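First the structure, in the form of structure tokens, and then the observations on it.
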Amino acid sequence: MNMNGVTANGGIHPALHRADSPFVLASSASFPEHCYTADEVMEACVRQHNFPPAAEKFARRVFPATSVKTGNIALPPEQLGMPMDRETFRRHLHTALKDLSLKACREAVADWGGSFSDITHIVWATMSSVVDVPSMDCVLVNELKLKPTVRRLAVQQMGCLSGFRCLNLAAELSINSPAARILVCVADIRSGLQNQLPINEDGSYSKAAVLSCALFRDAASAVIVGSRPRHFERPRAEWVTGASLLAMGSLDVVTSTDGNSNSIHWNSDMRMPPLVEKETPEIIRELVSGLDFEIAADDTQFVVHTGGPAILTGTQNALGITAEQMQASWDFMESHGNTSGSSNLAILHHEFTRAPTGPFRHYIVCIAGGPGVCIEASLLRRIQRPMAGQNGHIKADMHNLAARQTVSVPAPFTAQA
């Protein structure tokens with residue numbers, strides 16, 4: 001199988017483990033308590049914003065086209081889609097982001113088995129922000145009772161790739177600080193676009209505004225990253241490498257700006273899906289360019305940001321892979337929609353924990369595109385072999401870490417010159 005310059009030739013490679021390899025030690029995903037069908041969200045937006053006929057007609061066409069069937073939103077039914085003034089919106093974001101972030105962090109630490117006092121760094125990211133200081137990383141340090149000396153970073157406005165960008169950053173930090181335990185959390189209330197929907201001067205709504213109602217939902221996700229696993233730690237995956245790419249000359253393809261009258265103007269034009277499809281093989285070549293071994297494409301699962309069905313289909317076409325190899329992303333698209341950068345680690349968590357639908361694959365390639373247009377990618381080697389457990393839960397294999405680090409396994413793809 002050829003993936004536009006990436007070969008799927010199989011091969012056996014030595015164990016990847018390096019002395020200070022970063023590992024994803026734990027993962028989690030959290031969602032608001034209220035889950036709505038696409039029809040419920042559509043009807044609420046039509047009613048709350050009093051859509052004129054053209055906007056309503058487009059809504060009834062575009063909502064089903066997104067493939068989003070359900071999704072979680074951090075508002076009760078009576079406030080779903082409700083226009084908000086900026087102060088009400090700020091309070092809503094602060095409360096919802098804090099609650100989801102705390103839940104994701106606590107679940108990640110529980111999955112890890114360590115203590116909050118052992119966290120040395122916290123990286124928090126969002127696309128759902130207004131001016132609201134202190135930043136959420138400070139709030140989380142207080143609420144989670146992390147050490148006051150924990151090293152903090154808040155990342156905003158990187159959009160739909162922020163989860164994988166922060167994962168790569170944490171892994172690179174871990175290589176240089178093997179004793180560090182880095183908590184990465186990404187939270188987004190992207191349904192908030194429904195509460196800040198811009199109205200044109202003639203009272204109409206743009207197609208982009210209506211599309212944002214159909215596509216975006218809310219979530220938070222977290223991972224803990226560290227090197228030199230301790231006796232109690234059971235890594236989910238080894239981080240092998242990461243890559244970033246900026247598609248030059250594409251700054252205007254995806255934009256989001258604050259407007260007057262309590263509005264946020266979001267736009268993603270029709271160039272985005274073909275641009276992502278075009279640049280995906282390039283980011284893969286960059287991702288594998290430094291590897292000195294071959295890995296097989298059919299031994300790789302792909303975790304792709306749910307930018308929309310055209311993004312997912314375009315990625316499949318660009319790489320010549322199957323829908324089953326992107327099963328976690330298709331599942332998330334249908335069940336949770338586009339939750340911006342929080343989707344990255346949430347889909348990765350789903351890939352780690354879902355019941356298998358195909359053969360076990362040893363590698364995971366993570367891909368997300370966002371404003372810029374930028375694409376971020378990570379290559380992981382799976383450590384825990386997922387097995388269906390009781391009541392549909394997933395149980396990890398119980399082989400010891402030392403044994404897993406020395407077993408040679410088939411390896412995803414090699415870049416061509």
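Data overview
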{"quantity": "Centre separation in Å (Cα based) which lies between region 77-126 and region 317-349", "calculated": "22 Å"}
{"quantity": "Length-normalised contact order of region 28-227 in % [C-alpha pairs under 8 Å, at least 6 apart]", "calculated": "32 percent"}
{"quantity": "Filtered trypsin sites (Lys or Arg not before Pro), region 115-154: DSSP coil and at most 10 other beta carbons within 10 Å", "calculated": "Lys145"}
{"quantity": "Gain on full stretching of the segment that runs from Thr255 to Asn176 - 0.36 nm per residue minus C-alpha separation", "calculated": "25.0 nm"}
{"quantity": "Pairs of lysine residues in the chain - Cα separation under 29 Å, sequence separation of 8 or more or cross-chain", "calculated": "13"}
{"quantity": "Fraction of beta bridges assigned by DSSP in region 28-227 that are antiparallel (%, nearest 5)", "calculated": "60 percent"}
{"quantity": "Candidates per trypsin sites (Lys or Arg not before Pro) in region 236-317, loop by DSSP, up to 16 other Cβ within 10 Å", "calculated": "Arg271"}
{"quantity": "Radius of gyration, Dmax [region 28-227; alpha carbons; angstrom]", "calculated": "18.6, 60"}
{"quantity": "Dipole moment magnitude, nearest 20 debye, the chain about Cα centre, only Lys, Arg, Asp, Glu C-beta charged", "calculated": "880 debye"}
{"quantity": "Selected from Ala179, Gln316, Ile73, residue furthest toward positive end of dipole (the chain; charges at beta carbon)", "calculated": "Ala179"}
{"quantity": "Volume per residue of the C-alpha convex hull in the chain, rounded to whole Å³", "calculated": "133 Å³"}
{"quantity": "Average Cα contact separation per residue, region 207-361, under 8 Å, 6 or more apart, as relative contact order %", "calculated": "30 percent"}
{"quantity": "The chain, helix-only ellipticity at 222 nm - DSSP H runs n ≥ 4, -39,500 (n - 2.57), divided by all residues, nearest 500", "calculated": "-10500 deg cm²/dmol"}
{"quantity": "DSSP-defined antiparallel bridges as percent of all bridges, the chain, nearest 5", "calculated": "75 percent"}
{"quantity": "Value of relative contact order over region 178-264, rounded to a whole percent, pairs C-alpha under 8 Å and six or more apart", "calculated": "41 percent"}
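FYI, it's all coordinate maths here, none of it is from the lab. Keep in mind the model is a prediction, meaning the values are calculated, not measured. Glycine gets a Cβ as well: all are built from the backbone with ideal geometry, and neighbour counts include every protein chain shown.
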